[in-house]
Amino acid sequence: MSKKTDQNKLQDTPYSLGHTDEVEYEYQSPTGLDEDLIRKMSAMKKEPEWMLDRRLKALQIYEGMAMPTWGGDLSPIHGEEIHYYTRPKMDQAKSWDEVPDAIKKTFEKIGVPEAEREMLAGVKGQYDSEVIYGSLKRNLAEKGIVFLSMDEGLKQYPELVMEYFGKVVPIGDNKLAALNSAVWSGGSFVYVPKNVDVGLPLQAYFRINTESAGQFERTLIIADEGSRVHYIEGCSAPSFSSASLHSAVVEIFVKKGARVQYSTVQNWFKNVYNLVTKRAWVEENAEMKWVDGNLGSKLTMKYPSCILAGRKAHGELLSIAWAGAGQHQDTGAKMIHLAPETTSLIVSKSVSKGGGRATYRGMVQMVPGAYGSRSKVVCDALILDELSRSDTYPTNKIMENDVILEHEATVSRVSEEQLLYLQSRGINADEASTMIVNGFMEPVVKEIPLEYAVEMNRLVGLEMVGSVG
Amino acid sequence: MLKIKNLLVKVENKEILKGINLEIGKGEVMALMGPNGSGKSSLANTLIGNPIYEVTEGEIFFEGNNLLEMKPEERARLGIMMAFQYPTSIPGVTIREMLLAVLRAKGLTVSALDLKKQIAEEAEKLKVDPTLLNRNLNEGFSGGEKKKMEILQMRVLKPKLLVLDEVDSGLDIDALSLIAENVSEMVKEIKMSVLVITHYQRLLKYLVPDKVIVLKNGEVVDRGSKEVVDNLEKEGYKIYE
């Protein structure tokens, strides 16, 4: 009881996903991380020897690296207090009927009701360490599309996993990527064959359901030449009083002429540390688009990247960060132009309020020979009160002359003029400011699926109540 | 309908309206004239409740409601609407979204589809480029387009009192007569009252006032009917010096 009250204080607006679902667990590792745990996990998952070797190597690298000292404050993360592996007691349900009622309800709450699920090509749900529900429309499976949990992917397509796993995010890329490579569990494995258009989006939903559980999912998407796919992920967690760690790695291969969109709406509870490495390898004439909505978490450090490796490859990141009381959203993008005539676009929008802190941290790199390339970076920050903060750290490494780089940055407040205009039409002050903030976010929000967009707009409405004096 | 009594207004401690009295009846058109800086726009802004303007004395009543105790949105819901001289842009919000929110804030049940249709029809009458309806309100619009969007809002919201703040600035003659025509039509159709603020006489040829008031340095220096305008046209504001 008292716990619940405390948690409500932590969240200044109601958090509709703060309940714990009644899920039975088969196994939870003791807190802390060592070689024995990795061996045990790998054995429980019946993994091939080479994966265990990679995990152990990653553990070694992880232990030898220091935590990043830039970005946000990582000192409250105590590795020895985290349960690194928490396995729900159920096999992956193949049909909706097999999913326990409690979990169904959570799906409804995050705005994925039955009707909406019909609009998806496939769905995955992961609780803590394992994927517990998965489906893929039959006609898509017949076209050769693969949408599996990463663990299942490793079992069924070991040669593909061996080839691509850790290729664009090497195990020693950064300390948190090394941690993920050592203890990864769950996540998605997607393969789209040549010239196949998946059409409807694939959706994954990640939930940390157990107190002090870490979630370390690993996602690998391979879009073969000329294919198209849109992958959506949503994240939430119950209102626990102790901090949780979510540290995912996402690797995407966009082959020649393929197009991939990866949309994320993370609405973690405000004590989750969300430290994620996402990177795409983009070949000739291919296109990678990251759409990234960061609403929840205590601290997010995430910089989705595109390595534009082939001529005319295009990379894009559209992001919106909401930094409310006690939150730090340290987000951005990296665009690495390795080939001629490659193009990239970064649109980063942030709203900070009630002492929240939003940081844009990004890099555009153009190597010698990436002639005719072009990049545009737009950073817009909306600061809603004196307590809040926004910083921009753009880095450009341009080693080629024949390129164009544009950078625009704005910092604004909700203007009195706009408020008066809407009020003078009959809209009250709270609603007017909600409208202005949603309007500011609109260019990014319109790129995300409707159910998430509605949820984001609703959240802004809740946050804005009483914010205008 | 609108009664203003002995209105004193300050902005940043500077007195800018020094005891204004005026009355507008239902279906009446009143022209508020005066040279630059005479307090015309200040009066309009005070009327809609712009918080920058501090009322130190006097009363404003609209259909028996004490406006000075009401927020801007409450005044709007009574049926007061200002067509702004420089309408601000609202990024990420189309005119449709805004009007839907406005009508719903008034407690009306509106179908988004019906409203869309109505807005499209009004836009056509006002010769508004239909692509503007899908764009962020007023963002990158020309001066004339912004003014037409204000009039379009008037057509949909049907206010009881319209305040036209310098609508003639930066408009060509065709746009001006079109706007005046639309306003006159509303006066006839729904007996809308109008407070038309203008520096020039041009607009008043198309929108003929029942009453005229002339302000200078925050005070009323002349009042009467249409002949005040004719006189001003001949003599200019120097007659009040």
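The values are calculated or read from the model by the stated rules, or taken from the named source; none is laboratory data. None of these values were measured; they are calculated from a predicted model. All Cβ positions, glycine included, derive from the backbone under ideal geometry; neighbour counts span all protein chains shown.
Data overview
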read-out	value
Residue check for B:Thr46: within 14 Å of another protein chain (Cβ to nearest Cβ), touching a residue at least 40 places away in the same chain (Cβ under 8 Å) and of a type outside the set (A, V, I, L, M)	no
Residue selected from the stretch B:87-97 under the condition touching a helix residue (DSSP H, G or I) at 6+ places or on another chain (Cβ under 7 Å) and at the interface with chain A (Cβ under 9 Å from one of its Cβ atoms), by the criterion surrounded by the most Cβ atoms within 10 Å (Cβ to Cβ)	B:Ile90
Any hit, the stretch B:125-141, residues being at the interface with chain A (Cβ under 10 Å from one of its Cβ atoms) and not in a loop (DSSP other than H, G, I, E, B)	yes
Selection within the stretch B:202-216 - touching a residue at least 40 places away in the same chain (Cβ under 8 Å) and of a type in the set (Phe, Trp, Tyr)	none
Count of the stretch B:178-208 residues which are at pLDDT below 95, farther than 20 Å from B:Ala123 by Cα and surrounded by fewer than 22 Cβ atoms within 10 Å (Cβ to Cβ)	7
Residues (surrounded by fewer than 19 Cβ atoms within 10 Å (Cβ to Cβ) and assigned to a helix (DSSP H, G or I)) located in the stretch B:164-177	B:Ile173, B:Asp174, B:Ser177
Strands (runs of 3 or more DSSP E) completely within the stretch B:1-98 that count 3 or more residues being more than 30 Å from B:Ala112 (Cβ to Cβ)	B:2-11, B:14-24, B:29-33, B:54-62
From the options B:Glu150, B:Glu166, residue that is modelled with pLDDT of 95 or more and among the acidic types (Asp, Glu)	B:Glu150
Hey, A:Leu179 in a loop (DSSP other than H, G, I, E, B) and in contact (Cβ under 8 Å) with a residue 60 or more places away in the chain or not	no
Where B:Ser41 falls short, out of the listed (1) among the hydroxyl-bearing types (Ser, Thr, Tyr); (2) within 19 Å of B:Gln201 (Cβ to Cβ); (3) away from every other protein chain (no Cβ under 14 Å)	(3)
Failed item, numbered, when A:Ala115 is tested on (1) of a type in the set (A, V, I, L, M); (2) in a helix (DSSP H, G or I); (3) closer than 27 Å to A:Ser244 by Cβ; (4) modelled with pLDDT under 90	(3)
Conditions (1) within 14 Å of another protein chain (Cβ to nearest Cβ); (2) touching a residue at least 12 places away in the same chain (Cβ under 8 Å); (3) under 23 Å from the mean Cα position of the chain (by Cα): number failed by A:Thr395	(1)
Condition check for A:Lys104: at pLDDT below 75, in the same structural domain as A:Asp197 (by TED's automatic domain parsing) and not in a loop (DSSP other than H, G, I, E, B)	yes
Output for the stretch A:412-446, where each listed residue is more than 9 Å from chain B (Cβ to nearest Cβ), crowded, with 19+ Cβ neighbours inside 10 Å and not aliphatic (A, V, I, L, M)	A:Ser433, A:Thr434
Conditions (1) without any contact (Cβ under 8 Å) to a residue 24 or more places away in the chain; (2) within 14 Å of chain B (Cβ to nearest Cβ): number failed by A:Glu386	(2)
Residue list for the stretch B:83-107, restricted to those being free of Cβ contacts under 8 Å to residues at least 12 places away in the same chain and over 23 Å from the mean Cα position of the chain (by Cα)	B:Gly107
The stretch B:209-241: number of residues that are crowded, with 16+ Cβ neighbours inside 10 Å and part of a loop (DSSP other than H, G, I, E, B)	3
Search result, residues across the stretch A:131-147 that are surrounded by fewer than 22 Cβ atoms within 10 Å (Cβ to Cβ) and under 23 Å from A:Glu26 (Cα atoms)	A:Gly134, A:Ser135
Given (1) farther than 24 Å from A:Lys167 by Cα; (2) crowded, with 24+ Cβ neighbours inside 10 Å, index of the condition A:Ala325 fails	(2)
Options A:Gln261, A:Gln215: the member that is among the polar types (S, T, N, Q) and under 28 Å from A:Ala325 (Cα atoms)	A:Gln215
B:Val228 vs. criteria out of contact with any helix residue (DSSP H, G or I) (no Cβ under 9 Å at 6 or more places or on another chain) and aliphatic (A, V, I, L, M)	yes
Answer residue from the stretch B:51-86, given it is of a type in the set (Ser, Thr, Tyr) and closer than 18 Å to B:Ile16 by Cβ and is farthest from the other protein chains (Cβ to nearest Cβ) among those	B:Thr56
3 or more residues closer than 28 Å to B:Leu157 by Cβ and of a type in the set (Gly, Ala, Ser): qualifying helices (runs of 4 or more DSSP H) within the stretch A:352-469	A:429-445
A:Leu450, sole failed condition from (1) more than 14 Å from chain B (Cβ to nearest Cβ); (2) buried (at least 18 other Cβ atoms within 10 Å of the Cβ); (3) modelled with pLDDT under 95	(2)
Test result for A:Leu317, without any contact (Cβ under 8 Å) to a residue 40 or more places away in the chain, surrounded by fewer than 24 Cβ atoms within 10 Å (Cβ to Cβ) and under 18 Å from A:Ala280 (Cβ atoms)	no
Search result, residues across the stretch A:142-154 that are of a type in the set (Gly, Ala, Ser) and more than 20 Å from A:Glu233 (Cα to Cα)	A:Gly144
Of the criteria (1) within 14 Å of chain A (Cβ to nearest Cβ); (2) over 30 Å from B:Lys3 (Cβ atoms); (3) surrounded by 19 or more Cβ atoms within 10 Å (Cβ to Cβ), which one B:Leu161 fails	(2)
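Residues checked against (1) within 23 Å of the chain's Cα centre (by Cα); (2) more than 14 Å from chain B (Cβ to nearest Cβ):
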residue	(1), (2)
A:Lys376	yes, yes
A:Met399	no, yes
A:Val460	yes, no
A:Glu463	yes, yes
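Condition check ((1) surrounded by fewer than 23 Cβ atoms within 10 Å (Cβ to Cβ); (2) over 20 Å from A:Pro88 (Cβ atoms); (3) of a type in the set (D, E, K, R)) across all residues:
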| site | (1), (2), (3) |
| --- | --- |
| A:Ser149 | no, no, no |
| A:Glu159 | yes, yes, yes |
| A:Tyr164 | yes, yes, no |
| A:Asp173 | yes, yes, yes |
| A:Val183 | no, no, no |
| A:Gly187 | no, no, no |
| A:Val190 | no, yes, no |
